[in-house]
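J.: Following this message is one structure expressed as structure tokens.
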Amino acid sequence: MSPFIVSARKYRPLTFDAVIGQFTVTSTLKNAVRTGHVAHAYLFCGPRGVGKTTCARIFARTLNCFNPTPDGEACGICESCMAFNESRSFNIHELDAASNNSVDDIRSLVDQVRLLPQVGRYSIYIIDEVHMLSQAAFNAFLKTLEEPPPHAVFILATTEKHKIIPTVLSRCQIFDFNRIRVEDIVSHLSVIGDRENIRYEKEALNVIAVKADGAMRDALSIFDQLASFSGHNITYQEVIENLNVIDYQIYFNITRALLEHSAANVLLIFNDVLLKGFDGFNFVSGLSAHFRDLLVSRDASTVTLLEVSDSIRESYLKQASECSPSFLLRALEICSQCETAFRSSRNQRLHVELALLQICNLCNEKKNNGSDPDRPSVTSAHSPAPLSKAARQKAGVNEPRKGYATAGRSISIKEALRQSPDPEETTEGSDVPEPQPVTTALSYDFLVMCWNDFTEQIRENRPRMAAALKNIKPVITENDRLLIHLNNQAQLEDFNSTTKVELEKFLKRELQHPALSIEAIVNEDDDPSKIRLYTSEEKFEFLNKKNPLLAKLKQNLNLELE
């Protein structure tokens, strides 16, 4: 039986074209080889497992190739390429700066740089994790890095570019490696699975790619682990169990329960999640990501931001059509607040349950109030007919305020027509009910939501006013009037001249309250008219009352007040 080689080593790229997800970097390096514009120092930086060391080795191999191809790739058959493939090349030197980070190690490297290459044109020095070098080692390396011998090329690799001193950065050509996209990782794992005769499900590979977080090496390690666990048959269910990942279907189910404002089902689903051993913080974080994916699924132009398989994408598109943007934004805000305060909470389970109940109550409020901005309001055509004035007095019912219907009740046009008396049957002494405008009770939570929406709309053109309104909590007074407190007179004038009319129009439309009005006043504590300047004599009299010796000191020293 041949020895097992992990996929990360077995399928490590040997050419630039085989590198996954770094087209910009590989194209630049190939052109440098093809045109002969080779610098003396390069810095490869980026996250782990994205191909920095791999590209450094390919570049080193290509620089010393005797017969490079016209597009800048190594031939793979010359003596230099064969020596590199068999790990016996004396022209390519690798140094791990994590364990060789002292001044002595760098001095030994500087002495070695002077030696000419035995085969080929260049001596290439690959220094991995270069940010681990000490300050003294960096200083000892600066002069050689700036003016090396013509045959020396340095390739530095790091995951933490910010830890490298600026004097080193200025001496290198810097290449930033990107995280590898989920679809690219899935495609590469599919190729390896076909070559190794490993059966797999696309959804399973997608979960592996998401778990790898853009690192191909991590994805290959997880792939090997799951291939051994599943007996070369990688299924979605086995992947989520082995990687301790919450199933997508759980988030779909709990979102459906939230939309149905079924608090019992929401709590039971969350309890099942905890019984399976998942952490509450990971659940809330995943729920936030789920709401985000639903939000981007509502627009055809942003559906491409979903990093899921095709079957799960269809589920997102279906559920996204059932959710309003205002619900998703508010749910995201509640989940974000829950994540922020989760670690400091003593009862973390109750903390998550309260957040879920808040989202559930959000849906319930919208249904009860009929104030969902994404759905038209529906009036009841079967409301009981209003009592006449005489009947109300006989029954002892208080007279409602003139011009307003009972809060929480609306009258349809058909009902109003049906209730209107026939002119021929109306007598002089008959009691005809007065027509009343349609209105509903103001929901403060929905008012705050619409208020925040308006501040976001004007943030780009009027940032100062948006910031001021964001910190204001409107007060609902009688007769559908909103009272707000501004900080100063200048802010009040600015609000009345530029924003008041637009805000009233916006709230009337969103809240469906045509009689709504806004009154803005200045906080009394911040009124500049109450601030006065004191003279020097008044200040002295004030201090003298606290300490009478000040007057004696002034007299003895013959001091004057300025």
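The values are calculated or read from the model by the stated rules, or taken from the named source; none is laboratory data. Computed from a predicted structure; not experimentally measured. Cβ sites come from the backbone with ideal geometry, for glycine too, and all protein chains shown count toward neighbours. What goes into the accessible areas is simple: the full protein's heavy atoms, side chains included, and nothing from ligands, DNA or RNA. Shrake-Rupley method; radii C 1.70, N 1.55, O 1.52, S 1.80 Å.
J.: Considering only region 19-43, state which residues are assigned to a helix (DSSP H, G or I) and over 16 Å from PRO68 (Cα atoms).
T.: PHE23, THR24, VAL25
J.: For ILE58, state whether it is in contact with a Pro (Cβ under 8 Å, 6 or more places away or on another chain), touching a residue at least 60 places away in the same chain (Cβ under 8 Å) and of a type outside the set (Asp, Glu).
T.: no
J.: What is the residue count in region 24-46 for residues that are surrounded by 15 or more Cβ atoms within 10 Å (Cβ to Cβ), within 37 Å of the chain's Cα centre (by Cα) and not β-branched (Val, Ile, Thr)?
T.: Counting residues in region 24-46 that are surrounded by 15 or more Cβ atoms within 10 Å (Cβ to Cβ), within 37 Å of the chain's Cα centre (by Cα) and not β-branched (Val, Ile, Thr) gives 8.
J.: Name the one entry in SER301, SER336, SER345, SER326 that is surrounded by fewer than 18 Cβ atoms within 10 Å (Cβ to Cβ), assigned to a helix (DSSP H, G or I) and not β-branched (Val, Ile, Thr).
T.: On the way: SER301 fails: assigned to a helix (DSSP H, G or I); SER345 fails: assigned to a helix (DSSP H, G or I); SER326 fails: surrounded by fewer than 18 Cβ atoms within 10 Å (Cβ to Cβ).
Residue meeting the stated conditions: SER336.
J.: Return a yes/no flag: does region 47-54 have any residue that is surrounded by 18 or more Cβ atoms within 10 Å (Cβ to Cβ), in a helix (DSSP H, G or I) and over 33 Å from the mean Cα position of the chain (by Cα).
T.: no
J.: Moving on. Tell me the residue from PHE59, PHE44, PHE23 that is in contact with a Cys (Cβ under 7 Å, 6 or more places away or on another chain) and within 30 Å of THR167 (Cα to Cα), please. Talk me through it step by step, then tell me what you get.
T.: Details: PHE59 fails: in contact with a Cys (Cβ under 7 Å, 6 or more places away or on another chain); PHE23 fails: in contact with a Cys (Cβ under 7 Å, 6 or more places away or on another chain).
None of the other options fit; the residue is PHE44.
J.: Check SER108 against each of (1) surrounded by 12 or more Cβ atoms within 10 Å (Cβ to Cβ); (2) part of a loop (DSSP other than H, G, I, E, B); (3) free of Cβ contacts under 8 Å to residues at least 12 places away in the same chain and name the one condition it does not meet.
T.: Against the list (1) surrounded by 12 or more Cβ atoms within 10 Å (Cβ to Cβ); (2) part of a loop (DSSP other than H, G, I, E, B); (3) free of Cβ contacts under 8 Å to residues at least 12 places away in the same chain, SER108 comes up short only on (2).
J.: Let me ask something else. Of the residues HIS131, HIS162, which single one is in a helix (DSSP H, G or I), of a type outside the set (S, T, N, Q) and open to solvent by 30 Å² or more (accessible area, probe 1.4 Å)?
T.: After ruling out the rest, the residue left standing is HIS162.
J.: Inside region 220-264, can you point out the residues that are among the hydroxyl-bearing types (Ser, Thr, Tyr), open to solvent by less than 40 Å² (accessible area, probe 1.4 Å) and not in a loop (DSSP other than H, G, I, E, B)?
T.: SER230, TYR236, TYR251, THR255
J.: Next up: Restrict the check to region 468-476 and report whether at least one residue is closer than 26 Å to ILE359 by Cα, part of a helix (DSSP H, G or I) and modelled with pLDDT under 85.
T.: yes
J.: Looking only at region 83-94, decide whether some residue is touching a residue at least 60 places away in the same chain (Cβ under 8 Å) and either open to solvent by less than 10 Å² (accessible area, probe 1.4 Å) or not aromatic (Phe, Trp, Tyr) (or both).
T.: Yes.
J.: Is it true that LYS505 is surrounded by 11 or more Cβ atoms within 10 Å (Cβ to Cβ), within 56 Å of the chain's Cα centre (by Cα), at pLDDT 85 or above and assigned to a helix (DSSP H, G or I)?
T.: yes
J.: Of all residues in region 323-360, count the ones that are without any contact (Cβ under 8 Å) to a residue 12 or more places away in the chain and of a type in the set (Lys, Arg).
T.: Qualifying residue count for the region: 1.
J.: Which of (1) open to solvent by 10 Å² or more (accessible area, probe 1.4 Å); (2) touching a Phe, Trp or Tyr at 6+ places or on another chain (Cβ under 8 Å); (3) without any contact (Cβ under 8 Å) to a residue 60 or more places away in the chain; (4) more than 24 Å from TYR200 (Cβ to Cβ) is the odd one out, the single condition GLY286 does not satisfy?
T.: Of the numbered conditions (1) open to solvent by 10 Å² or more (accessible area, probe 1.4 Å); (2) touching a Phe, Trp or Tyr at 6+ places or on another chain (Cβ under 8 Å); (3) without any contact (Cβ under 8 Å) to a residue 60 or more places away in the chain; (4) more than 24 Å from TYR200 (Cβ to Cβ), the odd one out for GLY286 is (4).
J.: Let me ask another. Hey, can you tell me all the residues within region 508-533 that are of a type in the set (Gly, Ala, Ser), at pLDDT 80 or above and either touching a Pro at 6+ places or on another chain (Cβ under 6 Å) or not in a loop (DSSP other than H, G, I, E, B) (or both)? Please lay out each step first, then the result.
T.: Start the filter on region 508-533 by keeping residues that are of a type in the set (Gly, Ala, Ser), which leaves 515, 517, 520, 529.
Remaining after also requiring at pLDDT 80 or above: 515, 517, 520.
Residues satisfying the conditions are SER517, ALA520.
J.: Test LEU268 against the stated conditions and say whether it is of a type in the set (A, V, I, L, M, F, W, C) and crowded, with 18+ Cβ neighbours inside 10 Å.
T.: Judged against the criteria, LEU268 is not a match.
J.: Could you identify the single residue in LEU156, LEU189 that is aliphatic (A, V, I, L, M), open to solvent by less than 10 Å² (accessible area, probe 1.4 Å) and over 27 Å from ASN64 (Cβ atoms)?
T.: None of the other options fit; the residue is LEU189.
J.: To continue, here is another question. In this structure, is ARG217 at pLDDT 90 or above, under 21 Å from ALA8 (Cβ atoms) and loosely packed, with under 15 Cβ neighbours inside 10 Å?
T.: Here the answer is no, as ARG217 does not meet what is asked.
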